[in-house]
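Everything below concerns the one structure shown next.
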Amino acid sequence: MIKKEMIAMLLAGGQGSRLGVLTSKVAKPAVSFGGKYRIIDFPLSNCINSGVDTVGVLTQYQPLRLNTHIGIGIPWDLDRNIGGVTVLPPYEKSTNSEWYTGTANAIYQNIDYMDSFNPEYILILSGDHIYKMDYEVMLDFHKQNKSECTIAVMPVPMEEAKRFGIMITDENRKITDFEEKPANPRSNLASMGIYIFNWKTLKEALITMADQPGLDFGKHIIPYCHDKGCPLYAYEFNGYWKDVGTLHSYWEANMELIDIVPEFNLYEEYWKIYTKSDILPPQYFSRESEVEKSIIGEGSDIYGKVYNSVIGCGVTIGKNTVVRDSIIMNNTVIGDNCELYKSIVAENVEIKNGCRLGIGDEVENETDPHIYNSGLVCIGEKSIIPENITIGKNACVFGETEYADYQNNTLASGKTLIKAGDSV
Amino acid sequence: MRAIGIILAGGNNHRMKELSQKRAIGAMPIAGSYRAIDFALSNMSNSHIQKVAVFTQYNARSLNEHLSSSKWWDFGRKQGGLFVMTPAVTADNSFWYRGTADSIYQNLSFLKASHEPYVVIASADCVYKLDFNKVLEYHIEKKADITVVCKEMEQGFNVDRYGTIRMNEDCRIEDFEEKAVVARSNTISCGIYIIRRRLLVEMIEKCAEEDRYDFVRDILIRYKGQKRIYGYKITEYWKNIASVNDYFSANMDFLKPEVRDYFFKTYPDIYSKVDDLPPAKYNVGAKIMNSLVASGTIVNGTVEDSVIFRQTFIGNNCTIKNSIILNDVYIGDNSYIENCIVESHGTIRANSYHKGENGIEVVVEHTDRYVM
């Protein structure tokens with residue numbers, strides 16, 4: 001008989017629309033992070049490091065990159081005879097076929113998958129946070145308290161608490177009440193979107209609530225369990241945890257990695273973060289290159305100057321080019337004599353010689369000011385920018401652009417230029 | 001491909017000096033992220049050879065660790081796969097591998113149990129790319145008994161640690177000398193052979209009967225008149241790394257853009273075991289010129305014309321010039337290293353000074369590591 005004490009269900013289907021063009025072709029969990037990683041590497045590595053060797057990854061939005069990245073789970077040692085990693089997309093049924101309409105609905109549609117492992121506990125994770133966490137310790141806490149649902153929480157500054165789902169607990173960390181984005185928070189313990197359920201409890205709740213449209217953990221399942229009188233506990237986590245939901249927080253989280261001793265340390269011997277790396281050659285620096293306060297992935301060729309930046313794998317940076325405070329993702333080629341300031345350049349982009357990015361005054365973005373802000377320039381994947389183009393701040397380019405797309409070879413601050421694919 | 005592969009990775013020699021104490025030459029780190037045997041393995045994998053045996057004997061721990069999983073070279077499969085053969089005591093044999101031919105003899109059952117008609121034999125200590133299918137086509141076209149891959153070296157190249165060959169116009173080998181004092185040819189054998197499996201079994205058995213153990217001396221040289229032995233000339237990059245100087249220069253070759261393009265950016269790729277290391281990190285004060293740096297490294301000092309392998313730490317105010325720093329070396333602040341190969345897992349204390357005055361110096365430091 002197949003039996004796993006705890007299996008993980010990783011929600012990786014969301015678009016993450018606040019990352020703008022970065023997620024126009026890939027799901028948010030597949031977005032690059034920290035040079036060589038993708039965001040989903042963090043929860044997946046946490047799983048295997050915590051001894052959770054069965055992970056269902058729920059995909060829906062743009063899953064191609066995610067599927068190729070996960071494969072059969074070799075990089076995380078999740079290629080197992082029993083268990084391992086399984087990608088779970090929505091599927092057609094004889095009746096009631098539907099997309100995943102909510103976080104809990106996605107789990108509900110995969111009850112058979114979970115049942116096949118006869119688990120005691122289900123760990124619910126989301127694929128869009130950067131953190132290292134031992135789920136085994138959380139499980140111990142769950143067992144000790146005879147909890148039926150444990151929610152990982154972290155203390156946040158009181159003034160920020162109104163942006164989160166807040167848990168109110170008694171002195172034993174038993175949850176007495178909770179509120180979603182309260183105007184006057186009564187506690188500062190914010191839910192991290194990580195839950196451990198007793199499988200029996202969860203299954204019962206999912207089946208009872210199945211007809212609820214957009215079935216969601218925070219909105220429906222947790223309140224249902226609470227109203228039914230299940231013991232709910234809050235597990236306090238005090239390590240580094242970062243939601244990289246917006247371009248600014250994404251940029252900031254990357255920049256934090258280049259501090260001398262970063263708060264989130266990738267260089268620790270234990271608790272490694274694993275990822276699929278396809279190219280292996282070391283990186284090359286030419287005689288004229290300069291590099292300071294940066295991390296750079298394998299196989300990159302640096303002929304220019306790199307300061308305060310996070311550079312992915314297989315990137316080329318041309319002669320006399322200056323890259324400052326920027327994120328350059330895998331396999332992007334930047335020509336000679338370019339200047340990049342506070343730019344986020346996605347994968348497989350070609351920036352031809354003499355381009356200048358992040359130049360000029362800060363002007364609010366005309367189309368999506370809530371996405372493109374903080375003075376960042378954002379270039380979507382596989383974009384091409386012809387020679388000698390200047391691009392301003394809070395601007396965004398996506399697609400194979402030509403001279404005709406620019407005025408006087410310039411894209412002013414705050415402009416959006418999207419040529420290919422779905423618009424954001 | 002209708003062939004099985006054999007990689008001879010048993011040997012070692014004094015020309016590697018201190019570097020050989022820790023590992024077989026096949027496990028020597030190359031070009032920042034590879035080990036020498038990766039080239040032979042990748043060539044076999046890229047030539048669609050499905051079944052490969054690695055014969056190893058000398059200090060194979062490093063090598064075994066590197067080959068602990070066969071998936072990196074795509075040999076993790078049900079049909080065929082990767083086999084690592086060390087000498088074993090059996091009912092009728094209790095010897096180490098007494099030579100290359102003997103190592104094949106002791107594993108003759110591997111050859112006999114295979115069904116592929118040909119065998120590709122390669123050594124683990126060469127850096128090159130080669131499609132063995134082309135060599136096999138040539139072998140069949142020439143109706144050869146044995147084909148030896150060879151390369152004509154430039155005038156003045158010191159051939160004294162290689163086998164040299166002379167061929168007629170048809171490329172049939174007329175003369176084969178091993179490590180001649182005064183060589184009569186500058187075409188050297190690359191240590192890569194193709195031979196029909198049944199013929200190999202037959203010749204190896206005969207050798208064993210006569211108490212002969214060396215593939216080159218007792219098969220190639222001994223049968224050069226009797227058997228049709230042909231040379232297959234290659235002109236592309238090929239280098240044997242089995243001496244400190246050659247090892248050093250093979251690594252330094254990767255600083256040349258044409259060599260990097262040939263190995264890293266042109267099809268097919270070279271594969272290696274993936275280490276889960278974070279990207280390299282450059283702090284304030286780092287200065288890198290014309291150098292290769294592998295992942296997991298943290299640089300605070302100056303690096304010039306050097307190859308830095310994985311997981312190295314270079315302290316503040318250090319200068320590394322024209323040197324090779326192998327895996328997992330810690331270099332303390334204010335150190336100066338020039339013309340050196342620093343052995344892996346070494347710890348160089350702060351304020352150290354190492355300079356190879358007459359050629360390349362091998363630095364082996366067993367100092368305890370306190371901080372990291």
So, in the range B:55-81, of the ones that are within 16 Å of residue B:119 (Cα to Cα) and out of contact with any helix residue (DSSP H, G or I) (no Cβ under 7 Å at 6 or more places or on another chain), which residue ends up farthest from the other protein chains (Cβ to nearest Cβ)?
B:80
I'd like to know if the range B:278-299 contains one or more residues that are open to solvent by 10 Å² or more (accessible area, probe 1.4 Å) and more than 8 Å from chain A (Cβ to nearest Cβ).
no
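Please go through the range A:338-358 and pick out each residue that is more than 19 Å from residue A:380 (Cβ to Cβ) and surrounded by 18 or more Cβ atoms within 10 Å (Cβ to Cβ).
Listed by number, the residues that qualify are A:339, A:354.
Look at residue A:254 and say whether it is among the polar types (S, T, N, Q), crowded, with 17+ Cβ neighbours inside 10 Å, within 14 Å of chain B (Cβ to nearest Cβ) and out of contact with any helix residue (DSSP H, G or I) (no Cβ under 6 Å at 6 or more places or on another chain). Reasoning before the result, please.
On the way: among the polar types (S, T, N, Q): yes; crowded, with 17+ Cβ neighbours inside 10 Å: yes; within 14 Å of chain B (Cβ to nearest Cβ): yes; out of contact with any helix residue (DSSP H, G or I) (no Cβ under 6 Å at 6 or more places or on another chain): yes.
Yes.
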Within the range A:296-307, is even one residue more than 10 Å from chain B (Cβ to nearest Cβ) and either charged (D, E, K, R) or open to solvent by 10 Å² or more (accessible area, probe 1.4 Å) (or both)?
yes
Subset of the range B:300-312, residues open to solvent by less than 10 Å² (accessible area, probe 1.4 Å) and either under 21 Å from residue B:249 (Cβ atoms) or facing chain A (nearest Cβ under 8 Å) (or both), comes to B:303, B:306, B:307, B:308, B:309, B:312
Of the criteria (1) closer than 30 Å to residue B:310 by Cβ; (2) surrounded by 23 or more Cβ atoms within 10 Å (Cβ to Cβ), which one residue A:322 fails:
(2)
Out of the residues in the range B:261-271 that are in a loop (DSSP other than H, G, I, E, B) and within 10 Å of chain A (Cβ to nearest Cβ), state the one that is least open to solvent (accessible area, probe 1.4 Å).
B:270
Please specify each residue of the range A:243-266 satisfying the condition of being within 16 Å of residue A:37 (Cα to Cα), of a type in the set (D, E, K, R) and modelled with pLDDT under 90.
A:243
Within the range A:195-205, which residues are crowded, with 24+ Cβ neighbours inside 10 Å and not small (Gly, Ala, Ser)?
A:195, A:196, A:197, A:202
Which numbered condition trips up residue B:157, out of (1) farther than 26 Å from residue B:104 by Cα; (2) of a type in the set (Phe, Trp, Tyr); (3) in a strand (DSSP E or B)?
(3)
Quick one: which residue in B:15, B:77 is assigned to a loop (DSSP other than H, G, I, E, B) and open to solvent by 10 Å² or more (accessible area, probe 1.4 Å)?
B:77
Top-ranked residue of the range A:308-319 - restricted to ones that are more than 9 Å from chain B (Cβ to nearest Cβ) and either among the basic types (Lys, Arg) or more than 19 Å from residue B:285 (Cβ to Cβ) (or both), ranked as most open to solvent (accessible area, probe 1.4 Å)
A:319
Among what's in the range A:370-405 and is assigned to a loop (DSSP other than H, G, I, E, B) and either without any contact (Cβ under 8 Å) to a residue 24 or more places away in the chain or of a type in the set (Phe, Trp, Tyr) (or both), pick the residue that is farthest from residue A:32 (Cα to Cα).
A:402
Looking at the range B:313-321, can you tell me whether even one residue there is of a type in the set (Ser, Thr, Tyr) and either within 13 Å of chain A (Cβ to nearest Cβ) or open to solvent by less than 10 Å² (accessible area, probe 1.4 Å) (or both)?
no
All but one of (1) open to solvent by less than 20 Å² (accessible area, probe 1.4 Å); (2) more than 7 Å from every other protein chain (Cβ to nearest Cβ); (3) modelled with pLDDT of 90 or more hold for residue A:282, so report the exception by its number.
(2)
Residue check for residue A:354: among the small types (Gly, Ala, Ser), closer than 30 Å to residue A:408 by Cβ and outside any strand (DSSP E or B)
yes
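The values are calculated or read from the model by the stated rules, or taken from the named source; none is laboratory data. Computed from a predicted structure; not experimentally measured. Because the Cβ atoms are built from the backbone with ideal geometry, glycine has one as well, and the counts that use them run over all protein chains shown. We work out accessible area using only protein heavy atoms, side chains counted, and drop any ligands, DNA or RNA first. Shrake-Rupley method; radii C 1.70, N 1.55, O 1.52, S 1.80 Å.
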